[in-house]
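The values are calculated or read from the model by the stated rules, or taken from the named source; none is laboratory data. Just so it is clear, the model here is predicted, and its values are computed rather than measured. We place every Cβ from the backbone using ideal geometry, glycine too, and count neighbours over all the protein chains shown.
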Amino acid sequence: MFTLSQYLFSLEDPAGLFRTLDTLEPERDADGRPCFTVGNTAVTFRVHIEGVSHALRCYFNPNPNLRRIYGEHYLERELYLYDNPPHGRWVDVVLTPWIEGEELGAVIRRAAEEQRKDLLAELSARFDRLAIELLKAPWAHGDLKPENILVAPNGELHLIDHDATFLPEMRGELSPELGTLSYQHPARTAEDFDASIDDFSIALIASSLYALSIDPTLYARYGMRDGLLIDTRNLATDEALEELLQLFARRGEVVRYAIARSLRRSRPATQLVNELFRLLNHRTPIEEEEPIESFFTWYGLWGYRTTTQEVIPPLYDFADDFREGVARVRIGSAWHYIDRTGQSLLHDPMWRDIESFRQGRARVTTDQGCYEIDLAGNRFEI
């Protein structure tokens, strides 16, 4: 309904064009033009009011949810927009405090190009903490992507662009926006509008960012796509997602593997991602002498429990009994021996099959043949 040119025309010389913000002055570039960023639905100007920086968000099409989302920051009929000078109309805008920072996507790109594993690991940990808070919240952002997350000078992450937000009072309504396609499940529709709409985006960003912290070269191979690494148009065969799954499986990162694998579900996974993030740093204390038994449950995966509690969540494609303090498990096609806390003790990407430990040794099979190993990983020919 409204165009970028119309907003630029008004902001070039805003004197008398604001109903209440009469001291507003746009920040200008070296050529004296208003500074702005533009997206699919709105343009955002950095403006100053009595020396304080704000973000002025101006919309191309009406969004019926903006008043509920932004509250007092939603200013009705605030800016006079020319249709055909001298004729025009008053339009609604959103004015919020300016958040200083750099887009997460730009920081990731620079860190990956510079092979900064330390910075990528810090960003990954900070995003995980943000994700956990979002997953616990009764609301959802609705368009979660690196471009809508700012990295503040102190490293903290801040969400921006809340136009697609779901609030509890919107339950049962249709979503006015479906978010950026490259960060949304391909099966998402306007009816998918509840507190779980960020789950897919969270799993995608978290998986990509954690993988980059391990192997920054992934960005050179896949980082030029619309999404961070993963192409959501064909998740079943996407090369980047497959490489991430193999990376997590080799490392015994069973929760990371499950989070990444959830992206391949035929529908956006509600509650699953929330539960998986809860397990990221979860360890259930158990008595050393307390027996552990395997069980089969939860989306067809194996885990472990004692007679009284779950101790290792059901995330394995296969799990065997504990013998001599370790158990053999399979994550995808990768075999591991794990301890009683679920930590991977022994793994070799060449293993095609492994047997349980007996009298301190276990037999493993590769494409080249068989041999035995002890609990320290030493190899013995047979």
For this session: Say whether the condition of being aromatic (Phe, Trp, Tyr), under 23 Å from Phe248 (Cβ atoms), surrounded by 12 or more Cβ atoms within 10 Å (Cβ to Cβ) and not assigned by TED's automatic domain parsing to the domain that holds Arg261 is met by at least one residue in segment 325-342.
Result: yes
Problem set entry | Filter result (of a type in the set (D, E, K, R) and either touching a Cys at 6+ places or on another chain (Cβ under 8 Å) or free of Cβ contacts under 8 Å to residues at least 12 places away in the same chain (or both)) within segment 137-158 | none
Exercise. Within segment 258-315, can you find the residues that are among the small types (Gly, Ala, Ser) and over 22 Å from the mean Cα position of the chain (by Cα)?
Worked result: Ser294, Gly300, Gly303
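Yes or no, residue by residue, for (1) surrounded by fewer than 21 Cβ atoms within 10 Å (Cβ to Cβ); (2) in the same structural domain as Pro146 (by TED's automatic domain parsing); (3) not aliphatic (A, V, I, L, M):
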site: Leu209; (1), (2), (3): no, yes, no
site: Ala220; (1), (2), (3): yes, yes, no
site: Gly223; (1), (2), (3): yes, yes, yes
site: Leu228; (1), (2), (3): no, yes, no
site: Asn234; (1), (2), (3): yes, yes, yes
site: Thr237; (1), (2), (3): yes, yes, yes
site: Arg256; (1), (2), (3): no, yes, yes
site: Thr284; (1), (2), (3): yes, no, yes
Seminar exercise, completed: Counting only residues in segment 129-165 that are crowded, with 18+ Cβ neighbours inside 10 Å and among the small types (Gly, Ala, Ser), the one farthest from Leu280 (Cα to Cα) is identified as Ala164
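To keep it simple, each residue is scored yes or no on (1) assigned to a strand (DSSP E or B); (2) among the charged types (D, E, K, R); (3) more than 18 Å from Arg77 (Cβ to Cβ); (4) touching a Ser or Thr at 6+ places or on another chain (Cβ under 9 Å).
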{"site": "Glu25", "(1), (2), (3), (4)": "yes, yes, yes, no"}
{"site": "Thr37", "(1), (2), (3), (4)": "yes, no, yes, yes"}
{"site": "Asn40", "(1), (2), (3), (4)": "no, no, yes, yes"}
{"site": "Cys58", "(1), (2), (3), (4)": "yes, no, no, yes"}
Problem set entry | Filter pass, Asp226 being under 16 Å from the mean Cα position of the chain (by Cα), of a type outside the set (Val, Ile, Thr) and more than 22 Å from Arg109 (Cα to Cα) | no
Exercise. Arg221 is checked against (1) at pLDDT below 95; (2) within 30 Å of Glu100 (Cβ to Cβ); (3) part of a helix (DSSP H, G or I) and fails just one. What number does that condition carry?
Worked result: (2)
Problem set entry | Long-range neighbours under 7 Å by Cβ, at least six apart or interchain, first residue part of a loop (DSSP other than H, G, I, E, B) within segment 227-249, second among the hydroxyl-bearing types (Ser, Thr, Tyr) | Gly227/Ser182; Gly227/Tyr183; Leu228/Ser208; Leu229/Ser208; Leu229/Tyr222; Ile230/Ser208
Problem set entry | Unique match (being buried (at least 19 other Cβ atoms within 10 Å of the Cβ), out of contact with any Phe, Trp or Tyr (no Cβ under 6 Å at 6 or more places or on another chain) and of a type in the set (Lys, Arg)) among Arg267, Arg261, Arg278 | Arg261
For this session: Taking Ala111 as meeting all but one of (1) loosely packed, with under 12 Cβ neighbours inside 10 Å; (2) in contact with a helix residue (DSSP H, G or I) (Cβ under 7 Å, 6 or more places away or on another chain); (3) small (Gly, Ala, Ser), write down the number of the exception.
Result: (1)
For this session: Considering every residue within segment 121-140, establish whether at least one is touching a strand residue (DSSP E or B) at 6+ places or on another chain (Cβ under 9 Å) and within 19 Å of Ala55 (Cβ to Cβ).
Result: no
Exercise. Any residue in segment 51-58 that is surrounded by 14 or more Cβ atoms within 10 Å (Cβ to Cβ) and out of contact with any Pro (no Cβ under 9 Å at 6 or more places or on another chain)?
Worked result: yes
Exercise. Among (1) among the hydroxyl-bearing types (Ser, Thr, Tyr); (2) assigned to a loop (DSSP other than H, G, I, E, B); (3) within 17 Å of the chain's Cα centre (by Cα), which single condition is Ser182 missing?
Worked result: (2)
Problem set entry | segment 70-83, residues that are touching a residue at least 40 places away in the same chain (Cβ under 8 Å), out of contact with any Asp or Glu (no Cβ under 7 Å at 6 or more places or on another chain) and buried (at least 17 other Cβ atoms within 10 Å of the Cβ) | Tyr70, Leu79, Leu81
Problem set entry | strands (runs of 3 or more DSSP E) (entirely within segment 276-359) containing at least 1 residues that are at pLDDT 90 or above | 301-305, 310-316, 327-331, 334-338, 344-347
For this session: Could you list all residues from segment 87-108 that are aromatic (Phe, Trp, Tyr) and either crowded, with 20+ Cβ neighbours inside 10 Å or assigned to a strand (DSSP E or B) (or both)?
Result: Trp90
Problem set entry | Selection count, segment 51-90, where residues are at positive phi and modelled with pLDDT of 95 or more | 2
